[in-house]
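Asks: Take a look at the following structure, please.
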Amino acid sequence: MNKKFSRAIRAADIAPGGMRAVEIDGREIVVCNCAGTYHAIQRRCGHMNAPLDMGTLDGKIVTCAMHCAQFDVTSGESLSGPVPADFGGEIPPAGIGRFLRNVGMQMEQVRTESISRFETKVEAGWVLVAV
Ligand code: FES
C-alpha cells in the first residue's frame, strides 16, 4: 500500500534545531529539523498533552516545556518521564506546599506514553509527512 504524503511546511521555514507545529488532515504534528534531517511527531506530549513545539529540541531529543518529559523524535520513544518542580532549594509557603504535594501525588499516577512519529521526505523544497 502506498503511503499518502502531504505537504507540511517549506523546509526553509524551519531552522536547524527548530520545530514547527502544523495540522494535516486534522492531526496536530510537529516537524523537527535535526541538523537538516526532518522528523515528524505528534504534537501532544505523551504525559499530559502539552504542545511539544513549545519545548526544546536538542539533537534528536525533544523536551516538553510543561514537566520536562523527553522523547526521541526519530522513534517517538519516551525517554524519561516528568521531573518534579525545582524550587532551587527554596521551601514553598505551607499552603502552596500542600497543593504541590497533592498535585505531585496525582501526577505520579499519570503514565508517560511514547508518542507517534510519522514518515517524512523532502521534495521540491517541501517537507512531506505521511499521516
Ligand atoms: S505534559 Fe509534557 S511532561 Fe507533562
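The values are calculated or read from the model by the stated rules, or taken from the named source; none is laboratory data. On a predicted model such as this, the values are computed, not experimentally measured, just so you know. Counting neighbours? That spans all protein chains shown, and the Cβs are built from the backbone with ideal geometry, glycine included. Protein only, heavy atoms only, side chains kept; ligands, DNA and RNA dropped before computing areas. Shrake-Rupley method; radii C 1.70, N 1.55, O 1.52, S 1.80 Å.
Asks: Taking His47 as the residue in question, decide whether it is in contact with a Pro (Cβ under 6 Å, 6 or more places away or on another chain) and either within 16 Å of the ligand (Cβ to nearest atom) or open to solvent by less than 50 Å² (accessible area, probe 1.4 Å) (or both).
Replies: So His47 passes the test.
Asks: Counting just the residues of region 25-78 that are charged (D, E, K, R) and assigned to a strand (DSSP E or B), which one comes out farthest from Glu113 (Cα to Cα)?
Replies: Asp58
Asks: What number of residues within region 52-65 are in contact (Cβ under 8 Å) with a residue 12 or more places away in the chain, out of contact with any Cys (no Cβ under 7 Å at 6 or more places or on another chain) and within 9 Å of the ligand (Cβ to nearest atom)?
Replies: Going through region 52-65 one residue at a time, the tally reaches 1.
Asks: Out of the residues in region 72-97 that are β-branched (Val, Ile, Thr) and under 24 Å from the mean Cα position of the chain (by Cα), which is farthest from the ligand (Cβ to nearest atom)?
Replies: For region 72-97, the residue satisfying everything is Thr74.
Asks: Given (1) in a strand (DSSP E or B); (2) away from the ligand (no atom under 16 Å from the Cβ), identify the lone condition not met by Ala15.
Replies: (1)
Asks: Picking from Thr120, Thr56, Thr37, which residue would you name as being open to solvent by 50 Å² or more (accessible area, probe 1.4 Å) and within 30 Å of Lys4 (Cβ to Cβ)?
Replies: One residue alone meets the criteria, Thr37.
Asks: Anything in region 98-113 that is open to solvent by 70 Å² or more (accessible area, probe 1.4 Å) and within 16 Å of the ligand (Cβ to nearest atom)? List them, or say none.
Replies: Within region 98-113, Met105, Gln106, Glu108, Gln109, Arg111, Glu113 meet the criteria.
Asks: Kindly provide the set of residues from region 80-97 that are open to solvent by 80 Å² or more (accessible area, probe 1.4 Å) and modelled with pLDDT of 85 or more, ordered by number.
Replies: Ile96
Asks: Ok, one more. Looking at (1) open to solvent by less than 30 Å² (accessible area, probe 1.4 Å); (2) in a loop (DSSP other than H, G, I, E, B); (3) not polar (S, T, N, Q), can you tell me which one Val22 breaks?
Replies: (2)
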